[in-house]
Amino acid sequence: MELISKKSILIIAPSLIAESLSLKLTSLDQNLDINFNNGTGDKTPDLVIWNVLNFQSEDLIRLELLKLRERYDESKFLIILSGELVYEANTTPSLNAEGFLLNPSAEKVLESIDTILNGGRVFDIEK
């Protein structure tokens with residue numbers, strides 16, 4: 001019998017959002033090891049989910065993402081844009097992340113986790 005290791009997820013979000021997302025995800029998939037803002041101790045998470053409220057400045061997000069990538073250099077990143085997408089350009093934000101989702105359901109986040117951890121990318125920012 002082969003042991004399946006849990007997927008290590010770090011959620012960076014306001015505490016109520018992080019707790020709510022964690023509860024929804026673990027109710028759908030018990031094979032997730034989810035931690036919140038303060039990190040996972042010595043262990044590098046497989047995936048960092050960063051919830052950005054009201055995306056307005058790509059430059060500010062890019063700078064913060066660079067800092068997160070330095071800290072979690074072996075992790076993959078899923079950025080969840082919550083609220084209204086206030087972005088004037090006609091192109092998709094060019095940030096170095098494996099996924100972007102705009103106001104996703106818990107099921108969509110779970111599907112995206114699997115896709116990203118299996119080497120894929122996810123981009124769904126349609127209004």
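A short reminder: the numbers here are calculations on the coordinates, not readings from a lab. Remember, predicted model here, so these are calculated numbers, not experimental data. Heads up, the Cβs are rebuilt from the backbone with ideal geometry, glycines too, and the neighbour counts pull from every protein chain shown.
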Total formal charge among the other residues, if their Cβ is under 12 angstrom from that of A106, Lys/Arg +1 and Asp/Glu -1 = -1
Segment S5-E64, length gained on full extension (0.36 nm per residue, minus Cα span) = 18.3 nm
ask   = Based on the mean of other beta carbon atoms within 10 Å per residue, what is the order of 6-19, 110-123, most packed first?
value = 6-19, 110-123
ask   = Full extension from E74 to I17: what is 0.36 nm times the residue separation minus their Cα-Cα distance, to one decimal in nm?
value = 18.1 nm
query = For T26 and T115, FRET efficiency with R0 = 25 Å and r from the beta-carbon atoms, rounded to 0.05?
reply = 0.85
